[in-house]
Amino acid sequence: MRAAVITFPGSNCDRDLAVGLEMVGAEVTRVWHKDSALPEDIDLVGIPGGFSYGDYLRCGAIAANSPICAAVKAHAEKGGYVFGVCNGFQVLTEMRLLPGALMRNAGLKYICKTVGLEVGACDSDFLSNYTAGQTIQVPIAHHDGNYTATPDELERLVGEGRVAFRYTDNPNGSDRDIAGITSANGRILGMMPHPERAMEEAHLSADGARLFAGLLGAMTTA
């Protein structure tokens, strides 16, 4: 698997995401947001967590208009894989590659802790190493992680089996406890929790490593 990890001004999890992908065997290229093209033959684009452009205007709104994002959209439209974590999830909603928006946490405070996630019954390669309904432990670290969508969008996400992860104990007020969703074709995943911070048992959980390993395995056997 060949992956590109985008860096914006204010990204702070880009190295973590790149290292996590490398740990499961991916070949990773780091890409600056002002680049206008992705490297050739990229399978996966990773949009990392952080505070792109200081979260001015709206979280992810300025980053979504960076030059590289046109190439990311083209990659997605061709059926390429895209993964956005935390601020990256916010960027994906601002790019309209995923529906909904990430609002201020219901408690109006920044939250940083490990949470339980229930794995959804998604037909997505990102979830191929999990079992629907199982609970995994993954850290969160966000101030604007309250997932919000219109009633029609929520019904569509649930009806089409596109809710990838739900919080077992909702920390931020997200609609229907949603922690992550996929695109209609299952090849775009956005989630607020950080699987790249759950790669080894020494970090209290290796449940995040299973996401990256599952994606690599599914792509290898496709």
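Screening the stretch 98-147 for strands (runs of 3 or more DSSP E) wholly inside it with 2 or more residues that are more than 15 Å from the chain's Cα centre (by Cα) returns the ranges 111-119, 135-142. Checking each residue in the stretch 18-37 for being part of a loop (DSSP other than H, G, I, E, B), open to solvent by 30 Å² or more (accessible area, probe 1.4 Å) and of a type in the set (A, V, I, L, M, F, W, C) picks out V24, A37.
Before we move on, is L92 closer than 30 Å to D35 by Cβ and either touching a Pro at 6+ places or on another chain (Cβ under 9 Å) or open to solvent by less than 10 Å² (accessible area, probe 1.4 Å) (or both)?
Numbers: closer than 30 Å to D35 by Cβ: yes; either touching a Pro at 6+ places or on another chain (Cβ under 9 Å) or open to solvent by less than 10 Å² (accessible area, probe 1.4 Å) (or both): yes.
Yes, satisfied.
Within the stretch 151-193, the residues that satisfy the criterion of being assigned to a loop (DSSP other than H, G, I, E, B) and either open to solvent by less than 10 Å² (accessible area, probe 1.4 Å) or among the hydroxyl-bearing types (S, T, Y) (or both) are T168, N172, S174, S183, G186, M192, P193. When R104 is tested against (1) within 24 Å of R210 (Cβ to Cβ); (2) modelled with pLDDT of 95 or more, exactly one condition is not met: (1).
Screening the candidates A64, A4, A71, A76 for the property of being touching an Asp or Glu at 6+ places or on another chain (Cβ under 7 Å), surrounded by 15 or more Cβ atoms within 10 Å (Cβ to Cβ) and closer than 16 Å to I188 by Cβ yields one hit, A64. Of all the residues in the stretch 38-61, those that are within 23 Å of G186 (Cα to Cα) and either part of a loop (DSSP other than H, G, I, E, B) or out of contact with any Leu (no Cβ under 6 Å at 6 or more places or on another chain) (or both) number 12.
The values are calculated or read from the model by the stated rules, or taken from the named source; none is laboratory data. A quick note: this is a predicted structure, and the numbers were derived from the prediction, not measured. A quick note on method: Cβ atoms are made from the backbone with ideal geometry, for glycine too, and the neighbour counts reach across all protein chains shown. Areas reflect the complete protein model, heavy atoms only, side chains present, ligands, DNA and RNA absent. Shrake-Rupley method; radii C 1.70, N 1.55, O 1.52, S 1.80 Å.
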